[in-house]
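Here's the structure, in structure tokens; my notes come after.
Read-outs throughout are calculated quantities, based only on the coordinates presented, and are distinct from any laboratory measurement. Predicted model only: the values in this text are computed from it and were never measured. Methodologically, a virtual Cβ is constructed for each residue, glycine included, from the backbone with ideal geometry; neighbour enumeration extends over all protein chains shown.
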Amino acid sequence: MNDSSEVKLHLLDYWRVLKTRASLVALVFLAVVTTAGVTVFFMPRLYFSKVTLEVKPDKFGSINIFENSSRAIYDPTFVSTQFQILQKTEILYPVIESLKLAEAWKVDGKELPPLELCNKLVRMMDLRELRNTPLIEVGIYSPSPKEAALIANRIAGVYSDKRLDDMKKNIDRGLQQLREEVEKQRKRVEEASKTMAEIRSRDSINDPDPESINSTLSAADRNIVALEQQLNEQRLIFTKVAGQLEQIEKMQPEELKEVLRTLNIEDPTVVRMVASLQDAIADEAKLRANGLGSQHPRIRALASQRDVFSEQLAKSLTTVRQSQTHRKEIEERTLKSLEEKFSQAKASQIQDKQKVVEYANAKSLYLQAKKIFEAAQMKLSAELLERGIDFEPAKIREPAEPGLRPARPRVLAYMSLAVLLGGTLAVGLAFFLEYLDTSVKTVEDLERFLQLPVLAAVPKNSEGALNPNSQTAAAESYRILRANMEFHRPEEGARTCTVVSGGPGEGKSTTLHNLAVACAAAGAKTLVVDADLRRPVQHLLFSDAKSPGLTDLLLGRVPIERVLKPTKIENLTFLPAGELPLQAIGILNSRRMVDLLRALKTQYDFVFVDSPPILGVSDGAILSSECDMTLLVSQHRRYPRAMLQRVKQAVTHAGGKLLGVVLNQVDPDNNDVYAYAGYASPGEDAEKSPAAKESNQGEEY
């Protein structure tokens, strides 16, 4: 809840700032918008024409024998590069010359230099890329729609011709380089072939296929390859036979069937014998399970049969073991024989190798040179074929046409921007001035800064004396001030009160006068003493004479009865200031003034003493020390807060008792927090005495 209240308060503060400085905001906003409108009105009208080009990277670049030149290579800077090329003199100079722009753009009958014409043309251009496509737009702004279209189309045409011409030159240059490379490779192949033939003839080397790399193998090489293959196969066979024998050695006679299966031998007799043995064992186990003993004839018959079968299987297994052992010996002898032959072949190969090393190297160089030569020939043929295929690196897809209406200035966009900029600048300036303004803005600021209660907030345009029966907002604010003064009165006997301010023009005298009127209207016997001897104002508010007055009384020239003047308002008496002779300076700081105030306290319920600004002369501080109560009047948004702090310190140091602050000249329309529910409209019952206007002049002190 607290966070929400703070946000709401902040928004109200922003609105208050805008309402307070509405005239400034409106003035700045209108100034910016008007300036923008006038500027747009006088800006030249330009027409826009654009041509759409399809641009592709050059298909024929540098030629590499072992790469495909037509392969597409993505270049992220290609379009940006073409934009720069379109703005270079090699494109624009031909455009200027062909369209005779030097003559068309004369200034005072004189032709502009070519470079200046080129720069002017660049400023007229607007280049754009259509994303994810090979299309670019070349736009021209010109006061003439026909001229804009002509220039755009001509730039596109010159650019396309230039790209095509450059591509053809690159192709011719690349093909010439490729032909030279083919010829170089042809000579290298011939030299390598001649060298290889001389070595073959000199060393009597038999090479049935000089064009194949495999044909250089000698007989010894082929022999050792065959022997190595046989040796590897024999090792596998020996390893297999030895493993089978090891497995057979571990088996029992009744496992003879598995032995034969391991050796891939099919013997029906052994199979039947193993089956009969297994049947005999099963029958014997079944009979024993039925309770027959070992001496039973059937048990004995089955046992004899089982022994016969086991003996025959044991003999067969022994025969198989002997046969497998003999086979292992044979394979082992064969393996040793192949190993001896392989060792002899390797020795023979080393001797033959020394003879063919030089020839093999020469043949390798020949075959490599021949391969490069064949690749160069194929590349040349492919490039010649591709040259015959039409390829356009730049093609006009949509020619430019004259515009029907001006494209610049964009009135709506400019004015929208002006409205946005004007509003932002006006609001920003208002808040900036608000930030720089250190004057009193709110009741909360005043109470927090001075640590004093605000007894009343007097609305704006309430200067001058008010009718005690008035029901205006100003009259009500003074009644509230009277009530709050009663509540904050330090003691019952405190009856003398002075009203001070920091500077002139804050409404101090008017506030004192209307507060006295409010007290008198409430039935209190009230006296107003005009102690502002240098620039008195109260006699103007009461429409009375200034003399005789306070100075005459304090100097002993007249008795008190002559200076106390009744007013038109019941219960209200007035004591004017009188003339201030030179010898009366400092008369307020006298024993007579103190005695006078004490005497008046016994005759009146309230004695209000008007004083000059407290920071201007010493009289204000003196009267604060001599009176029971002091009220501080501060005009809304006039003086800095630091000045109010000095006023408070002046009253405190003089020994005065500061009850609170009256915030004067508050604008209720821009400060809703100060509006009262019972206020009438500003023009309702607003009665001012004839002396009201004169009182404003008196407050200029």
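Within the stretch 600-621, list the residues whose amide N lies under 17 Å from a label point set 7 Å along Cα→Cβ of residue 642. Only 615 pass the distance filter. Fewest neighbouring Cβ atoms within 10 Å first, the residues 326, 636, 488 line up as 326, 488, 636. Under 27 Å of direct C-alpha separation, and excluding same-chain neighbours fewer than eight residues apart, residue 120 reaches these lysines: 50, 88, 100, 106, 110, 146, 162, 395. What the Cβ-Cβ distance of residue 230 and residue 75 gives, at R0 = 56 Å and to the nearest 0.05, is a FRET efficiency of 0.40. The residue 93 and residue 374 beta-carbon pair, evaluated with R₀ = 60 Å, returns a calculated FRET efficiency of approximately 0.80.
Between the stretch 391-442 and the stretch 122-140, the alpha-carbon centres lie 22 Å apart. Straight-line cross-link partners of residue 315 among the lysines, defined as a Cα under 25 Å from its Cα and at least 8 positions apart when in the same chain: 240, 250, 257, 328. Under the combined filter of DSSP loop state and at most 13 neighbouring Cβ atoms within 10 Å, the stretch 502-603 retains these GluC sites (Glu not before Pro): 570. Scalar couplings 3J(HN,Hα) for the stretch 228-234, obtained by applying the Karplus form with A = 6.51, B = -1.76, C = 1.60 to θ = phi - 60°, are 5, 5, 4, 4, 5, 5, 5 Hz; x denotes Gly and Pro.
Of the residues 158, 122, the one with the fewest other Cβ atoms within 10 Å heads the list, and the complete ranking is 122, 158.
Here the residues 497, 627, ranked from fewest to most Cβ neighbours within 10 Å of their Cβ, fall in the order 497, 627.
Applying the criteria of a DSSP loop state and at most 16 other Cβ atoms within 10 Å to the GluC sites (Glu not before Pro) of the stretch 92-127 yields 111.
Straight-line cross-link reach from residue 460 at under 18 Å between alpha-carbon atoms covers these lysines, not counting any fewer than eight positions away in the same chain: 19, 441, 508, 688, 693.
What the Cβ-Cβ distance of residue 275 and residue 303 gives, at R0 = 30 Å and to the nearest 0.05, is a FRET efficiency of 0.95.
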